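Below is one structure, written out as structure tokens, with a few remarks after it.
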Amino acid sequence: MADDDVSQKQPRLILIGMGPGTVASMTTEAVSAAKSADYRRYEAYTALWPDEELAKLEQLVGPIEKVMRPEIENPDEILSLAKDHVVAVLVVGDPLQATTHVDLQLQAGEHGIDCEVVHGISITNLVTGAIGLSNYKFGRQTTLTYPYSGWIATSPLEVIAVNHGMGLHTLALLDLDPTGAGTGEQRPMQPKDAVESLKAMAEKLVETVDDLPVDSVFEQLKVESLAEICSDISALKVVLCSDMGTSEQSIVTTTVGSLADLEGGRLNCLVFPANTSDVEEKALLRWLKEE
């Protein structure tokens with residue numbers, strides 16, 4: 001951001017990517033943009049920074065107020081402020097990786113508010129290279145969720161199965177909020193929680209997989225891959241990635257059956273490798289968890 005842009009203080013909304021978890025991982029443009037704001041809002045329901053790093057950032061750029069899902073999905077206060085002030089919404093990773101932030105950007109435009117975007121390092125581009133898998137061979141990503149009110153969503157395992165059947169790797173983000181409300185009662189999913197979620201999905205799909213349609217090649221591939229994976233979910237290879245982009249970063253190659261025995265970190269995600277090249281297989285061996 002140019003110095004003359006900062007000095008003019010033209011009212012606007014700035015969506016700022018904070019990077020993966022440290023002040024050091026923020027770009028100089030991101031820090032400068034945060035300093036320039038009259039109001040700073042830290043969106044804390046799609047992902048989280050360590051408290052100590054957030055405190056360092058606050059000392060560097062000025063006071064930061066935490067906001068949750070209601071304030072972002074119904075952003076009347078943020079947009080009202082941005083009509084007359086510079087308002088920064090700080091988002092862990094990249095600010096446009098979640099559709100809720102794209103929607104905020106669109107709403108700003110509809111209200112005649114300029115919206116600036118400062119991109120940041122995202123988990124989606126950090127993990128693939130860090131563990132050694134080709135970014136070109138990743139399929140659709142997904143999120144493993146807690147069972148909300150007893151409801152078990154099977155779509156995450158269906159995504160993993162389809163990707164696996166096509167020889168594509170899967171990045172699975174992990175839920176942060178057992179309530180699903182996004183209002184602050186967060187408990188980032190740990191490896192054992194992820195295993196419980198995967199096994200519950202597999203048990204549910206085993207009972208229904210024979211009822212799924214097989215009218216196309218794609219549907220047949222999906223059913224065959226689901227049947228294979230669900231028959232022995234514990235044998236499925238997985239890479240646990242914890243606190244990526246921080247000094248506590250950890251990568252472990254294991255299986256779903258052994259995943260529950262791992263502690264994980266503050267924030268975790270999983271990668272499910274499919275067909276691997278010789279180079280990819282050698283890369284994954286670096287992180288092998290012995291059975």
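Please give the residues of segment 105-132, grouped as numeric ranges, whose backbone N is less than 12 Å from a label point set 7 Å along the Cα-to-Cβ vector of Gln249.
122-123, 125-132
Provide the gained length on full extension for the span Lys56 to Glu196, in nm with one decimal, where the gain is 0.36 nm per separating residue minus the Cα-Cα distance.
Working: separation 140, 0.36 × 140 = 50.40 nm, distance 3.57 nm.
Stretched out fully, the Lys56 to Glu196 stretch lengthens by 46.8 nm.
Have a look at Gly129, Val239, Phe272 and report the one farthest towards the positive end of the charge dipole of segment 124-285, computed about the Cα centre with Cβ charges (Lys/Arg +1, Asp/Glu -1).
With unit charges placed on the Cβ atoms, the residue in question is Gly129.
Order by neighbour count: Glu196, Glu281, fewest other Cβ atoms within 10 Å first, most last.
Details: Glu196 16, Glu281 13.
Final ranking by Cβ density, sparse to dense: Glu281, Glu196.
Place a +1 charge on the Cβ of each Lys and Arg in segment 3-121 and a -1 charge on the Cβ of each Asp and Glu, then give the dipole magnitude about the Cα centre in debye, rounded to the nearest 20. All intermediate terms of the calculation are to be shown ahead of the outcome.
Values: 9 positive and 21 negative charges, 27 e Å.
The dipole of segment 3-121 has a size of about 140 debye.
Top mean-square fluctuation among Gly129, Gly19, Gly62, Gaussian network model of the chain, C-alpha springs under 10 Å?
Sorting by GNM fluctuation, first place goes to Gly129.
For mean projected area of the Cα convex hull in nm², which listed value, (1) 20.4; (2) 16.7; (3) 15.3, comes from the coordinates shown?
(2)
If the limit is 21 Å between Cα atoms, which of Lys137/Lys192; Lys192/Lys289; Lys199/Lys222; Lys192/Lys237 go over it? Working shown, then result.
Working: Lys137/Lys192 27 Å; Lys192/Lys289 16 Å; Lys199/Lys222 18 Å; Lys192/Lys237 15 Å.
Cα-Cα > 21 Å for Lys137/Lys192; rest within.
Defining a contact as two alpha carbons under 8 Å apart and six or more residues distant in sequence, what relative contact order in percent does the chain show? Numbers along the way, then the final one.
Details: 566 pairs, mean separation 54.1, N = 291.
Computed value for the chain: 19 percent relative contact order.
Using a 10 Å cut-off around each Cβ, can you sort Leu284, Leu57 from fewest to most neighbouring Cβ atoms? Intermediate values should be presented prior to the final figure.
Working: Leu284 19, Leu57 22.
The order, fewest Cβ neighbours first, is Leu284, Leu57.
Under a Cβ-only charge scheme (Lys and Arg +1, Asp and Glu -1), can you give me the dipole magnitude of segment 189-274 about the Cα centre, in debye to the nearest 20?
Numbers: 6 positive and 15 negative charges, 68 e Å.
Value, rounded to 20: 320 debye.
With n ≥ 4 as the cut-off for DSSP H runs, can you work out [θ] at 222 nm for the chain, using -39500 (n - 2.57) per run divided by the number of residues, rounded to the nearest 500?
Details: 12 runs with 115 residues, N = 291.
Per the formula, -11500 deg cm²/dmol.
Give me the dipole magnitude in Debye, nearest 20, for the chain about the Cα centre, with unit charges on the beta carbon: positive for Lys and Arg, negative for Asp and Glu. Show your work: numbers first, answer last.
Numbers: 21 positive and 45 negative charges, 93 e Å.
Here the chain has a charge dipole of around 440 debye.
With a cut-off of 8 Å between alpha carbons and a minimum separation of six or more residues, what is the relative contact order of segment 66-220 in percent? Mind dumping the intermediate values first?
Numbers: 147 pairs, mean separation 29.3, N = 155.
Result for segment 66-220 is 19 percent.
Quick one: order Asp215, Asp177 by neighbouring beta-carbon count within 10 Å, fewest to most. Please list the in-between numbers first.
Values: Asp215 7, Asp177 21.
Placing the least packed residue first, the sequence is Asp215, Asp177.
Taking 0.36 nm per intervening residue step and subtracting the Cα-Cα distance, what contour gain separates Asp232 from Glu110 on full extension?
Working: separation 122, 0.36 × 122 = 43.92 nm, distance 4.98 nm.
Full extension of this stretch gives 38.9 nm more.
So for segment 34-119, averaging the separation of alpha carbon pairs under 8 Å that are six or more residues apart and normalising by length, what relative contact order in percent results? All intermediate terms of the calculation are to be shown ahead of the outcome.
Numbers: 93 pairs, mean separation 32.2, N = 86.
Result for segment 34-119 is 37 percent.
Residue by residue through segment 244-260, what is 3J(HN,Hα) from phi via Karplus (6.51 cos²θ - 1.76 cosθ + 1.60, θ = phi - 60°)? Round to whole Hz and write x for glycine and proline.
Here the 3J(HN,Hα) series is 5, x, 10, 5, 8, 3, 9, 10, 9, 8, 8, 10, 4, x, 9, 4, 5 Hz.
Relative to the present Cα-Cα distance, how much length would full extension add between Asn275 and Asp38 at 0.36 nm per residue of separation? Working shown, then result.
On the way: separation 237, 0.36 × 237 = 85.32 nm, distance 4.98 nm.
Gain on extension, Asn275 to Asp38, equals 80.3 nm.
Where a number appears in this text, it was derived from the coordinates with a stated rule and is not lab data. Here the structure is a predicted model, which is why all the values come from computation and not from measurement. Note that each Cβ is placed from the backbone with ideal geometry, even for glycine, and that neighbours are counted across all protein chains shown.
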